[in-house]
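Undergrad: Sharing a structure here in structure tokens format.
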Amino acid sequence: MQTLDGKIPGGPLAEKWDRHKMDMKLINPANRRQFSVIVVGTGLAGAAASASLAEMGYNVKTFCIQDSPRRAHSIAAQGGINAAKNYANDGDSIWRLFVDTVKGGDFRAREANVYRLAQVSNNIIDQCVAQGVPFAREYGGLLANRSFGGAQVSRTFYARGQTGQQLLLGAYGALSRQIAAGQVQMFSRHEMMDLVVSGDRARGIIARNLVNGELEAHAADAVILATGGYSNVFYLSTNAISCNVSAIWQAYKKGAYFANPCFTQIHPTSLPHVSGHQTKLTLMSESLRNDGRVWVPKNAEDKRPANDISENERDYFLEEKYPSFGNLVPRDVASRNAKQQCDAGKGVGPTGRAVYLDFTQAIKRDGKAVIARKYGNLFDMYRNIIDDDPYETPMMIYPAAHFTMGGLWVDYNLMSNISGLFVLGEANFSDHGANRLGASALMQGLADGYFVIPYTLAGYLGDAGKSEIGEDQAAFKDSIQFAQSRIEKLLAINGKRTVEDIHRQLGRVMEDHVGLARDEAGLKTAIQRIQEIRAEFWENVKVAGPANRYRLNLQKAGRLIDFLDLGELMAIDALNRKESCGGHLRTEAESEEGEAIRDDENFCHVSAWGYQGEEAQPALFVEPLAFENVKLTQRSYK
Amino acid sequence: MSEHETINITLKVWRQNGPEDSGRFETIPVADVDTHSSFLEMLDFLNEKLILEDKEPIEFDNDCREGICGTCGIMVNGIPHGHGKGMTVCQLHMREFDDGDTIVVEPFRARAYKVIQDLMVDRSPLEKIIQAGGYISVNTGGAPDGNAVPVAQEKSEEAMDAAACIGCGACVASCPNASAMLFVSAKVSQFALLPQGRAEANTRVLSMLQEMDACGFGNCTNHRVCEAACPKEVSITHIARFNREFLKASLFGRMPMGE
């Protein structure tokens, strides 16, 4: 097994980034216009990177699949963004944010990266305020903070329940300014179809114009992927419909390593599945668990309405199993227990895949007005989607996939093992280890885009120089040929099952075996089932054409090919990691309280997988993780 | 929640193959629609059937399906995003309709929006308006501490009301003049309210208005339907603030570059 070098700079933790910035080469402002950079994705990471690099003078080409860069899925983030400002004077610091993030990630992230993230978190807030992001404020006019996701300090900045939207619109404004200046060429409604690599260096991409179906070659001196996460492998997730793995998956097939693919976060308070036609799950703030009590009927298959089930026929399973934390156990524990109840036939609602979250007691105790003030908007949202009044009958909730900690492997410079290929935001594996803390995803996306890549890209280009491989070269022609033949192949199958139908089937396998709780037998079953589904796809899928006009179904078919491959790799990775950590729970390594038991002796490392060909098993590379500043400890929620 | 039901409906849906095609309504019966599905899920369900019948699926823009990304937007029975108050069409549910209903589904219509395919339109003119000045010109790095400039809470809250705009373009589709005034004023107002945005306030309002005109949007004659159509309930008081900003800029400001 080969080991990977994260290229972590030397010196004390707190000085690494500053020293590294001094050691890296710079590109003279007048010379930056000689260099071109491709950025794929316009969420927080991609928009921030595009704007910042263009401001510095690089020629940037930016791509997004949506009709506008403002629509990337970062926009849906609700809660907030962390920073170590210590404005609340409650003992926060860069060091504390660093320690919390390393521990929260259950010791599966790189210390040096996480420390840098905490360092630049403060610059992010300053930048966003200067851009006109309307953060919540106190009466005196200073920025407001709240405690979020169980943090013991108030370090979360927020703009109502729309923090992601406001941060993204800030970055989008900066990007728009550079588009107007001609420093960014924007390609909306374009999907990356392939990464072009030659001589072990990323040379550009093949993009498909989704409106007319044309394949375009784009060369550059460096390629930055900021294409988000892959929760949609589960079919039903809280991700937007267009979220997909295809950009990073094509990079993986061109030799980039995929790190910790099995690390996914499943959020307990999503709205449940209510219709057989459901395409999407909606998240509700987990603050609801502060006052709601989770229960299911004691008897399986009890289909009576909630209010007809008496107190002694109800099972408040979290309160019973975890007397001290009760309904406030961490996300992964709450999610797992809900699924276990549903698997035992005690699930409620039309599909039997939901548990109750009951506010009756809280309303009796505090009055309806108090509960409405705290959760009114969430109750309204619930009423609109579920058509039920949570003041009168208990809410129904169910866990949903919403963030993936895994992604392409990158070194300290956010460069993958392919030189010139950088990966930012949720698309890389980086800073969250095996579990992401609330309000940390926005922080990471913007840190990577505004404050890391401007330095490390210059460091790379200063050494590597220009690419000098034009769009007329064989490497680009081969890639266009590959993308073209894939589309033709899809349209030629003309079988009997729709893309959605097959994706739903994959999602069910992922949810059952590669979701909240995993075991050896289940993972082996999943691998076999996915292979069968893949075979079925290539024989029996029916894809709508023609390819020369906007056709979402054709786009989704291409993305499903990659989800099928990814699903198998996630199962392989989960099978290989014979420990539990963070959101990855192997039932073979679970304490009696349902807690993850890590195996630091054998698995204190990043698992990175290298593609070996269509039929071959992927090769495993590891990057050992050293914890020199935070002591390895086991979580407990007794 | 109410009982699981299915209804049968008839869609009169706009079909158009690209901007050059003249387009036409097609009548399609849809049976067994789950009332708990959303309007877009009903279209997905129909599209799956169409595909299996070797017919072309209906194209429509959509993405987050929770009312925040601003991608979706179609006319349902003549109303942008349908008749639900304060919601996008992705948040509209089929339980709002009755068995036997005929539902008319069309793209957003405005001179500035070209139809791409069926119910999808090209809203890139809205992008151009933002590019003309819908930002505060600060480069990355060098920003002062976030608390260096206090902002009155009520101003900040009002700026947030304006910033809630999702850029879906329903205001344009609802307006008899196909004006983008609510969209433009929301951005102008957000930055006019914040001290950070004052430095460029004059050029911003003049540039954005000039671009709105150049893109072929009409002007505002106070019909106020935009406010009713807005899924985020952005208020027309922002248009009033826009007008004040415009007046100030016209008297004291510089014209945009190139004038």
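The values are calculated or read from the model by the stated rules, or taken from the named source; none is laboratory data. What you are looking at is a predicted structure, and each value in this text was computed from that prediction instead of being measured. Every residue, glycine as well, gets a Cβ built from its backbone with ideal geometry; the counts of neighbours run over all protein chains shown. These accessible areas exclude ligands, DNA and RNA; they are computed on the full protein's heavy atoms, side chains included. Shrake-Rupley method; radii C 1.70, N 1.55, O 1.52, S 1.80 Å.
Undergrad: Can you report the number of residues in segment B:190-214 which are within 17 Å of B:Ser250 (Cβ to Cβ) and among the polar types (S, T, N, Q)?
TA: Number of matching residues: 4.
Undergrad: Just checking, does segment A:553-560 include any residue being over 30 Å from A:Trp17 (Cβ atoms), free of Cβ contacts under 8 Å to residues at least 60 places away in the same chain and not hydrophobic (A, V, I, L, M, F, W, C)? Steps first, answer last, please.
TA: First, the residues of segment A:553-560 that are over 30 Å from A:Trp17 (Cβ atoms): A:553-560.
Applying the additional criterion that residues be free of Cβ contacts under 8 Å to residues at least 60 places away in the same chain yields A:553, A:556.
In the following step, the residues that additionally are not hydrophobic (A, V, I, L, M, F, W, C) were identified as A:553, A:556.
Looking for residues that are over 30 Å from A:Trp17 (Cβ atoms), free of Cβ contacts under 8 Å to residues at least 60 places away in the same chain and not hydrophobic (A, V, I, L, M, F, W, C), one finds at least one in segment A:553-560, hence yes.
Undergrad: Being part of a loop (DSSP other than H, G, I, E, B), surrounded by 13 or more Cβ atoms within 10 Å (Cβ to Cβ) and not hydrophobic (A, V, I, L, M, F, W, C) is the filter; apply it to segment A:613-638 and report the residue that is modelled with the lowest pLDDT.
TA: Across segment A:613-638, the extreme among qualifying residues is A:Tyr637.
Undergrad: I need the full set of residues from segment B:10-43 which are polar (S, T, N, Q) and closer than 12 Å to B:Ile103 by Cα, in order please.
TA: Step one: list which residues in segment B:10-43 are polar (S, T, N, Q), which gives B:10, B:16-17, B:22, B:27, B:35, B:37-38.
Scanning segment B:10-43 gives B:Thr10, B:Thr27.
Undergrad: Where residues in segment A:319-333 are outside any helix (DSSP H, G or I) and touching a helix residue (DSSP H, G or I) at 6+ places or on another chain (Cβ under 9 Å), which of them is most open to solvent (accessible area, probe 1.4 Å)? Lay out the reasoning, then the answer.
TA: Keep residues of segment A:319-333 that are outside any helix (DSSP H, G or I), which gives A:322-325, A:329-330.
Narrowing the set further to residues that are touching a helix residue (DSSP H, G or I) at 6+ places or on another chain (Cβ under 9 Å) leaves A:322, A:325, A:329.
Values: A:Tyr322: 11, A:Phe325: 85, A:Val329: 1 Å².
Looking at residues that are outside any helix (DSSP H, G or I) and touching a helix residue (DSSP H, G or I) at 6+ places or on another chain (Cβ under 9 Å), I get A:Phe325.
Undergrad: Restricting attention to segment B:100-125, which residues are facing chain A (nearest Cβ under 9 Å), among the polar types (S, T, N, Q) and over 15 Å from the mean Cα position of the chain (by Cα)?
TA: The answer is B:Gln117, and nothing else.
Undergrad: Yes or no: B:Phe25 within 13 Å of chain A (Cβ to nearest Cβ) and of a type in the set (Phe, Trp, Tyr)? Step through it out loud before you land on a result.
TA: Numbers: within 13 Å of chain A (Cβ to nearest Cβ): no; of a type in the set (Phe, Trp, Tyr): yes.
No, not satisfied.
Undergrad: If you don't mind, another one. Could you pull out the residue among A:Gly470, A:Gly445, A:Gly449, A:Gly462 that is part of a loop (DSSP other than H, G, I, E, B) and touching a residue at least 60 places away in the same chain (Cβ under 8 Å)?
TA: Working: A:Gly445 fails: part of a loop (DSSP other than H, G, I, E, B); A:Gly449 fails: part of a loop (DSSP other than H, G, I, E, B); A:Gly462 fails: part of a loop (DSSP other than H, G, I, E, B).
Step by step, each of A:Gly470, A:Gly445, A:Gly449, A:Gly462 is checked, and only A:Gly470 is part of a loop (DSSP other than H, G, I, E, B) and touching a residue at least 60 places away in the same chain (Cβ under 8 Å).
Undergrad: Next question, about the same structure. Is there a residue being open to solvent by 70 Å² or more (accessible area, probe 1.4 Å), away from chain B (no Cβ under 14 Å) and at pLDDT below 90 anywhere in segment A:304-318?
TA: no
Every residue, every condition in (1) in a helix (DSSP H, G or I); (2) open to solvent by 50 Å² or more (accessible area, probe 1.4 Å), yes or no:
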residue: A:Pro261; (1), (2): no, no
residue: A:Gln265; (1), (2): no, no
residue: A:Pro272; (1), (2): no, no
residue: A:Gly276; (1), (2): no, yes
residue: A:Ser287; (1), (2): yes, no
residue: A:Val294; (1), (2): no, no
residue: A:Glu301; (1), (2): no, yes
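Undergrad: Can you tell me which residue is modelled with the lowest pLDDT among those in segment A:127-152 that are crowded, with 20+ Cβ neighbours inside 10 Å and touching a Gly at 6+ places or on another chain (Cβ under 7 Å)?
TA: A:Phe148
Undergrad: Would you be able to tell me the number of residues in segment A:117-154 that are assigned to a loop (DSSP other than H, G, I, E, B), facing another protein chain (nearest Cβ under 8 Å) and not aliphatic (A, V, I, L, M)?
TA: 8
Undergrad: On to the next question. So, A:Asp100, is that one more than 11 Å from every other protein chain (Cβ to nearest Cβ), part of a helix (DSSP H, G or I) and of a type outside the set (A, V, I, L, M, F, W, C) or not?
TA: Yes; evaluated as a whole, the condition is true for this residue.
Undergrad: All but one of (1) touching a residue at least 40 places away in the same chain (Cβ under 8 Å); (2) more than 10 Å from every other protein chain (Cβ to nearest Cβ); (3) buried (at least 18 other Cβ atoms within 10 Å of the Cβ) hold for B:Arg15; which doesn't?
TA: (3)
Undergrad: With respect to A:Tyr87, determine if the residue is open to solvent by 30 Å² or more (accessible area, probe 1.4 Å), facing chain B (nearest Cβ under 7 Å) and within 28 Å of A:Leu13 (Cα to Cα). So that I can check it myself, show each step before the final result.
TA: Values: open to solvent by 30 Å² or more (accessible area, probe 1.4 Å): yes; facing chain B (nearest Cβ under 7 Å): yes; within 28 Å of A:Leu13 (Cα to Cα): yes.
Answer is yes for this residue.
Undergrad: More than 29 Å from the chain's Cα centre (by Cα) and of a type outside the set (Val, Ile, Thr): does that describe A:Tyr391? Steps first, please.
TA: Working: more than 29 Å from the chain's Cα centre (by Cα): yes; of a type outside the set (Val, Ile, Thr): yes.
Judged against the criteria, A:Tyr391 is a match.
Undergrad: Tell me which of these B:Ser250 doesn't satisfy, since it passes every other one: (1) more than 22 Å from B:Ala159 (Cα to Cα); (2) touching a strand residue (DSSP E or B) at 6+ places or on another chain (Cβ under 9 Å); (3) among the small types (Gly, Ala, Ser).
TA: Exception for B:Ser250: condition (2).
Undergrad: Among the residues of segment B:49-83, what is the count of those that are under 19 Å from A:Asn377 (Cα atoms) and either facing chain A (nearest Cβ under 7 Å) or surrounded by fewer than 18 Cβ atoms within 10 Å (Cβ to Cβ) (or both)?
TA: Step one: of segment B:49-83, the residues under 19 Å from A:Asn377 (Cα atoms) are B:64-69.
With the extra rule that they be either facing chain A (nearest Cβ under 7 Å) or surrounded by fewer than 18 Cβ atoms within 10 Å (Cβ to Cβ) (or both), the set shrinks to B:64-66, B:68-69.
Qualifying residue count, segment B:49-83: 5.
Undergrad: So which residues in segment A:588-604 are surrounded by fewer than 19 Cβ atoms within 10 Å (Cβ to Cβ) and modelled with pLDDT of 95 or more?
TA: The answer is A:Glu588, A:Asp599, A:Asp600, A:Glu601, A:Asn602, A:Cys604.
Undergrad: A:Leu516 fails exactly one of the following numbered conditions: (1) out of contact with any Ser or Thr (no Cβ under 7 Å at 6 or more places or on another chain); (2) open to solvent by 10 Å² or more (accessible area, probe 1.4 Å); (3) more than 24 Å from A:Ser246 (Cβ to Cβ). What is the number of that condition?
TA: The number of the failed condition is (1).
Undergrad: A further question on this structure: Suppose we filter A:Gly610, A:Gly583, A:Gly567 for residues that are surrounded by fewer than 21 Cβ atoms within 10 Å (Cβ to Cβ) and either touching a strand residue (DSSP E or B) at 6+ places or on another chain (Cβ under 6 Å) or in contact (Cβ under 8 Å) with a residue 40 or more places away in the chain (or both); which single one remains?
TA: Numbers: A:Gly583 fails: surrounded by fewer than 21 Cβ atoms within 10 Å (Cβ to Cβ); A:Gly567 fails: surrounded by fewer than 21 Cβ atoms within 10 Å (Cβ to Cβ).
Unique residue meeting the criteria: A:Gly610.
Undergrad: Of all residues in segment B:172-221, count the ones that are free of Cβ contacts under 8 Å to residues at least 24 places away in the same chain and either away from every other protein chain (no Cβ under 14 Å) or buried (at least 24 other Cβ atoms within 10 Å of the Cβ) (or both).
TA: 1
Undergrad: When you look at A:Ala362, is it part of a helix (DSSP H, G or I) and open to solvent by less than 20 Å² (accessible area, probe 1.4 Å), yes or no? Walk me through how you get there before you give the answer.
TA: Values: part of a helix (DSSP H, G or I): yes; open to solvent by less than 20 Å² (accessible area, probe 1.4 Å): yes.
For A:Ala362, the condition - part of a helix (DSSP H, G or I) and open to solvent by less than 20 Å² (accessible area, probe 1.4 Å) - is met.
Undergrad: Among (1) out of contact with any Lys or Arg (no Cβ under 6 Å at 6 or more places or on another chain); (2) open to solvent by 10 Å² or more (accessible area, probe 1.4 Å); (3) away from chain B (no Cβ under 11 Å), which single condition is A:Asn540 missing?
TA: That leaves (1) as the condition not met.
Undergrad: Quick check on segment A:377-433: of everything there that is aromatic (Phe, Trp, Tyr) and free of Cβ contacts under 8 Å to residues at least 60 places away in the same chain, which residue is surrounded by the fewest Cβ atoms within 10 Å (Cβ to Cβ)?
TA: Step one: list which residues in segment A:377-433 are aromatic (Phe, Trp, Tyr), which gives A:379, A:382, A:391, A:398, A:403, A:409, A:412, A:422, A:429.
Filter again for free of Cβ contacts under 8 Å to residues at least 60 places away in the same chain, leaving A:379, A:391.
Numbers: A:Phe379: 19, A:Tyr391: 16.
Residue satisfying both the conditions and the ranking: A:Tyr391.
Undergrad: Could you grab me the full set of residues in segment B:126-171 that are at the interface with chain A (Cβ under 8 Å from one of its Cβ atoms), open to solvent by 10 Å² or more (accessible area, probe 1.4 Å) and closer than 24 Å to A:Leu53 by Cβ?
TA: Those that are at the interface with chain A (Cβ under 8 Å from one of its Cβ atoms), open to solvent by 10 Å² or more (accessible area, probe 1.4 Å) and closer than 24 Å to A:Leu53 by Cβ: B:Glu127, B:Gln131, B:Ala132, B:Tyr135, B:Ile136, B:Ser137, B:Val138, B:Asn139, B:Thr140, B:Gly141, B:Ala143, B:Pro144.
Undergrad: Sort through A:Ala54, A:Ala77 and tell me the only one that's open to solvent by 10 Å² or more (accessible area, probe 1.4 Å) and either within 14 Å of another protein chain (Cβ to nearest Cβ) or closer than 18 Å to A:Gly449 by Cβ (or both).
TA: Working: A:Ala54 fails: open to solvent by 10 Å² or more (accessible area, probe 1.4 Å).
None of the other options fit; the residue is A:Ala77.
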